[in-house]
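The values are calculated or read from the model by the stated rules, or taken from the named source; none is laboratory data. If you're wondering where the values come from, they're calculated on a predicted model, not measured in any experiment. Cβ placement follows ideal geometry from the backbone for every residue including glycine, while neighbour counts extend to all protein chains displayed.
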Amino acid sequence: MSLKEQIDADIKKAMLEKNKDDLRALRAIKSMILLAQTEKGAGEGIGADAEMKILQKAAKQRTDSIALYTQQNRSDLAETEQSELDVIKRYLPEQLSEEELASKVSEIIAKVSANSMKDMGKVMGMASKELAGKADGKMISQVVKQLLS
């Protein structure tokens, strides 16, 4: 079952349960998927990788909004964004802990035989591919910098 089909089924379920919070988040995800499918050059549909990128983008948007609303003392809006983020996280793969991320990045550094900050680009390229969806890019970058310095 594709992500779009899963979202459609969950939208129906949320409608039957009259769960407005889940429904709002699911409709936002569906909208992003439909936009990606109708973009120029999308062809028949979008693949699993593109679906993951859409979910990650949606999660990042919600996280940034939560930080902004919290900074501006708008807890009502932050709570709304947090409930949407919780729904989005159901469809994302489980994120790696810092320890797991550090060990994976160490393995990548060994593969690439990197030994200084000059090699950060090589390490980040491979790490971004291997850890896509499992860790945030900013977090990967921090761990790479920490291990190379």
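Is it the case that S113 is among the hydroxyl-bearing types (S, T, Y), surrounded by fewer than 15 Cβ atoms within 10 Å (Cβ to Cβ) and not assigned by TED's automatic domain parsing to the domain that holds D21?
yes
Assess whether M117 counts as being in contact with a Gly (Cβ under 9 Å, 6 or more places away or on another chain) and either of a type in the set (K, R) or without any contact (Cβ under 8 Å) to a residue 40 or more places away in the chain (or both).
Against the criterion (in contact with a Gly (Cβ under 9 Å, 6 or more places away or on another chain) and either of a type in the set (K, R) or without any contact (Cβ under 8 Å) to a residue 40 or more places away in the chain (or both)), M117 does not qualify.
Conditions first: (1) modelled with pLDDT of 85 or more; (2) more than 30 Å from K4 (Cβ to Cβ); (3) among the β-branched types (V, I, T). V112 passes all but one, so which condition is the exception?
Status for V112: all satisfied but (1).
Pairs please, first residue from region 79-101 and farther than 17 Å from A135 by Cβ and modelled with pLDDT of 90 or more, second anywhere and part of a helix (DSSP H, G or I) and of a type in the set (V, I, T), Cβ atoms under 7 Å, 6+ apart in sequence or on different chains.
Short answer, once both residue conditions are applied: E81/I66; Q82/I66.
In the set E84, E39, which member is closer than 20 Å to I11 by Cα and either of a type in the set (F, W, Y) or assigned by TED's automatic domain parsing to the domain that holds D8 (or both)?
Working: E39 fails: closer than 20 Å to I11 by Cα.
Just one listed residue meets the conditions, E84.
Six or more apart or on different chains, Cβ atoms under 7 Å: show the pairs whose first residue is in region 8-24 and among the β-branched types (V, I, T) and whose second is part of a helix (DSSP H, G or I).
Between residues of region 8-24 that are among the β-branched types (V, I, T) and residues that are part of a helix (DSSP H, G or I), the close pairs are I11/L23; I11/L26; I11/R27; I11/K30.
On the basis of being crowded, with 16+ Cβ neighbours inside 10 Å and within 15 Å of V143 (Cβ to Cβ), does I66 make the cut? Working first, answer last.
Numbers: crowded, with 16+ Cβ neighbours inside 10 Å: yes; within 15 Å of V143 (Cβ to Cβ): no.
Considered against the rule, which asks whether it is crowded, with 16+ Cβ neighbours inside 10 Å and within 15 Å of V143 (Cβ to Cβ), I66 comes out as no.
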